[in-house]
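Below: the structure, in structure tokens.
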Amino acid sequence: MGITNEIAGSTRYGHIQFDNKRLEIGWTWYGKHFRGTGLNMACKYELLKYAFEVM
């Protein structure tokens, strides 16, 4: 797959509660061409890394 300037999709945190040190991940959608490419796993890794190392 080359560069197509398509939007791959979205993944994000939800229900963030800083006082309780709690959040949810997995509010996700990806376009058909991006499913099964490993993009979801890479994005989830970055979300978890940021949550544990920065937040």
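The values are calculated or read from the model by the stated rules, or taken from the named source; none is laboratory data. Given the structure is predicted, the values throughout are model-derived calculations rather than measurements. Cβ: placed from backbone, ideal geometry, glycine included. Neighbour counts: every protein chain shown. For the accessible areas, the whole protein counts, side chains as well, though only heavy atoms, and no ligand, DNA or RNA atoms are used. Shrake-Rupley method; radii C 1.70, N 1.55, O 1.52, S 1.80 Å.
Check whether at least one residue in region 29-51 is assigned to a strand (DSSP E or B) and either free of Cβ contacts under 8 Å to residues at least 24 places away in the same chain or of a type in the set (A, V, I, L, M, F, W, C) (or both), and report yes or no. It would help to see each step written out before you state the result.
Filtering region 29-51 down to residues assigned to a strand (DSSP E or B) leaves 29-30.
With the extra rule that they be either free of Cβ contacts under 8 Å to residues at least 24 places away in the same chain or of a type in the set (A, V, I, L, M, F, W, C) (or both), the set shrinks to 29-30.
Checked against the condition, which is being assigned to a strand (DSSP E or B) and either free of Cβ contacts under 8 Å to residues at least 24 places away in the same chain or of a type in the set (A, V, I, L, M, F, W, C) (or both), region 29-51 yields at least one hit.
Mind counting the residues in region 1-43 that are touching a Gly at 6+ places or on another chain (Cβ under 6 Å) and either of a type in the set (D, E, K, R) or closer than 20 Å to Glu53 by Cβ (or both)?
1
Across region 6-21, what is the total count of residues that are surrounded by fewer than 10 Cβ atoms within 10 Å (Cβ to Cβ) and of a type in the set (Lys, Arg)?
Selection size over region 6-21: 1.
Could you check, for region 37-55, whether at least one of its residues is open to solvent by 60 Å² or more (accessible area, probe 1.4 Å) and either at positive phi or in contact with a helix residue (DSSP H, G or I) (Cβ under 7 Å, 6 or more places away or on another chain) (or both)? It would help to see each step written out before you state the result.
Taking region 37-55 first, the residues open to solvent by 60 Å² or more (accessible area, probe 1.4 Å) are 37, 40-41, 45-46, 48-50, 52-55.
Still in the list and also either at positive phi or in contact with a helix residue (DSSP H, G or I) (Cβ under 7 Å, 6 or more places away or on another chain) (or both): none.
No, because not a single residue in region 37-55 is open to solvent by 60 Å² or more (accessible area, probe 1.4 Å) and either at positive phi or in contact with a helix residue (DSSP H, G or I) (Cβ under 7 Å, 6 or more places away or on another chain) (or both).
Of (1) at pLDDT 95 or above; (2) loosely packed, with under 10 Cβ neighbours inside 10 Å; (3) not charged (D, E, K, R), Ile3 satisfies all except one. Which?
Here Ile3 clears every test but (1).
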